[in-house]
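See structure below.
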Amino acid sequence: MLHFPGLEPQPANPLADPARRSDVDEWGRSESARRLARRLGGFYYRRWFRVEWEGLENIPTSGGALLVGNHAGAIPSDAPMIMHGVEEELGRPVYGLADNFFRTVPLVGTEWSRMGGVAAHPDNAHRILHDHQQLALVFPEGIKGPSKLASERYQLRRFGRGGFVETAMRAGVPVIPIAVVGAEESMPILYRLPGIAKVLRLPYLPLTANHLVFGPVLGTVLYLPAKFRFRVLPPVQFDVAPRLPKYPRGRVMDEAEAIRQQLQEALYDMLAHRRSVWFG
Amino acid sequence: MGRRILLTGLDTFWGGRVAAALERDLEIEMLLGMGTGTPSVALERTEYVRADSSYSLLARIVKATQVDTIVHTFLVVDSSAMSGRALHETNVIGTMNLLAAAGAAGSSVRQVIVKSSSLVYGSHPADPVWFTEDTPRSLPPRFRLERSLAEVESYVRDFADENPGVTVTVLRFANVLGPNINTPISRNLARGVMPCIAGFDPLMQFVAEEDVVRCLQTMVLQSIAGTYNVSGDGRIPISEVAKIAGAWRLPISPVFTRQAVAPLIRLGLLDLPVELEHLLRYGRGIDTTRLKAAGFEFSTSSAGAIERYAEVMRLRRAIGDHTPGYKYEADVEAFFKHSPAIVRQTEAAR
């Protein structure tokens, strides 16, 4: 499973090959699809969610780093906003790591990949962080984050089995926690329909506040205009040798739990200071 | 003494091409080909034995000819080519007999090269973007073809463990394209159709057939051990494959896919073995860093391989298929190879 080839500054440019007819790179990312995403994302980023950053200087302008956030909203809006924001503010691409469930969904999987999404496999993360020295974004709560009900908002779920810490240790990059406030209210889940979800083979099927406000169709694609705030916490460095085949399980779990605690406290602090869900 | 090489599947495309490439090398003293049919390529000095596909004759042949190298090109990697049982006989039983012959007590064999396929990695949503030679499959193989190739490779690994003195090379090829090779993808493209699953546009890799032949040749001549992925650079989305090849995309329903294509396959309008169907859904990437580190250079990329094939197809459409066919005549071959009447160039050159 482990592979340590030489360093490549970034993925090969597809257009360097004269036989190529599209700009889709080896990771499935396409610059023209990104341009489209930027146009749409720009509207949401600036006008709809009015994103504000705190501690942006904690994200390095070069070298690999694993961005880690809290995940929320029936169809999570936090991932595209962080990806768009970092690209806009720092001029660096972010590869969003998502559950491989996406790959099985027609159209959605393909478009997600074209816009810079990658299946969350340890090997993929290692190549992005270590070989290409790029930024990757991961939500360690996984599907448990966005599937939680509105009544459980801002209560972080378990951080998986700490795989993200092990990935960062192996790649020799820091973990940078980002606390996200606003995504929870952009598409809050009121009710889950587990029976139908099972039949449709979906991880969860939500009934959201958006459905009540905008109706069943528009409510699936339109977000509520919550005010977004991102707080970037100081990078967490691990004092271990990179590229080891294994790291002590206990240490990995402890580090993951510490990062979870930090994020949870940052969220409580941000919520304590928030005057309005819609105006921040 | 020069090298003495035994090639399996001489009558198939790969065996024939590799034999033709190796023949030119005077280091090689003797080339012996085995196959079930008749050779399809004109060969200068390659001896030919016809055998059944499970190679039960092999132990005797290896002993009698004292070959030092076995090149196993005869693994079937297209499940639409033969029935499940025949596939098992050819791939699994054939390889078992081959390795048994090579590993027999007092065997003269010093190198075994197996032409496998990147199909051994499967194609699944939980796959990494790149498979290295050591990346395990995401799920155990489900289809007969993948299962048979996995079994073949496990026999080869056992053989390598039991015979540390023998150089064992396994080459895993991506989708091969070229003027002469006949695969489900090349047949579809020749019809001007590239099947795809609606809503999916995964990335695929290709390797040009001349690179495959050259790679096998390099491994034989330089005796390089190990398992290697073989594919041209770059990963190409299916939509772009169709564009480069000048083919129409034929979208197939993402649900009940098998049922949707069954009539087209039955009518001979489409080739879509089940292993290709999964590739069209999730794609596959194999990392060739190790092969390049061993010194092999590809003549073209994935996109280049498609483009070269597209040129061949355009030429064929314009002038028809005029390549002169070669017909194997046992008497004629025996005359050219063994009659004292023939002045032997190679010996004179020595």
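Observations
- Inter-label distance for B:LYS327 and B:ARG157, nm, one decimal - labels placed 7 Å from Cα along Cα-to-Cβ: 4.8
- Per-q log10 I(q)/I(0), the range A:1-103, q = 0.09, 0.11, 0.20, 0.24 Å⁻¹ (Debye; single scatterer per alpha-carbon; no solvent): -0.29, -0.43, -1.31, -1.53
- Inverse mean reciprocal Cα-Cα distance (Kirkwood Rh) of the protein assembly as shown, Å: 27.1
- Note, ³J(HN,Hα) from phi for the range B:119-125, Karplus 6.51, -1.76, 1.60, rounded to Hz, x at Gly and Pro: 4, 5, 7, x, 8, 8, x
- Three-way shape label, the range B:75-157, alpha-carbon gyration tensor, a/c 1.5: oblate
- Cβ-derived FRET efficiency at R0 56 Å, A:ARG274 paired with A:ALA12, nearest 0.05: 0.80
- Maximal additional length on extending the B:ILE319-B:GLU297 stretch stands at 4.6 nm, based on 0.36 nm per residue less the C-alpha distance.
- By the compact-protein rule of thumb, 2.2 N^0.38 Å, the alpha-carbon radius of gyration of the range A:24-273 corresponds to a ratio of 0.97.
- Take the Cα of B:ALA104, step 7 Å toward its Cβ, do the same at A:LEU193, and the gap between the two points is 6.8 nm.
- Listed residues B:ALA126, B:ALA303, B:ALA174, most fluctuating in chain B (Gaussian network, C-alpha, under 10 Å): B:ALA126
- Amide H contacts for B:CYS196 (H built 1.01 Å from N in the peptide plane; partners 5 or more residues away or on another chain; cut-off under 5 Å): B:LEU250, B:ILE252.
- For the protein assembly as shown: lysine pairs under 18 Å (alpha-carbon distance), excluding those fewer than 8 apart on one chain: 4
- Note on chain B: with a GNM built from Cα contacts shorter than 10 Å, the maximum mean-square fluctuation among B:GLY37, B:GLY295, B:GLY15 falls on B:GLY295.
- Shape class of the range B:113-217 from the alpha-carbon gyration tensor: oblate, with a/c at 1.5 or above and b/c at least as large as a/b.
- Peptide ranges B:175-182, B:219-226, A:205-212, A:71-78 listed from the most packed, as the mean C-beta count within 10 angstrom indicates: A:71-78, B:175-182, A:205-212, B:219-226
- Site pair B:ALA341 and A:VAL240 shows an inter-label distance of 7.8 nm when each label is modelled 7 Å from Cα along Cα→Cβ.
- Projected-area mean, the range B:1-108, by convex hull of Cα positions, square nanometres: 6.5
- Simple Cβ-charge dipole of the range A:1-144, Lys/Arg +1 and Asp/Glu -1, about Cα centre, in debye nearest 20: 520
Values in this text are rule-based calculations from the coordinates and carry no lab data. All figures in this text were calculated on a predicted structure; none of them were measured in a lab. Every residue, glycine as well, gets a Cβ built from its backbone with ideal geometry; the counts of neighbours run over all protein chains shown.
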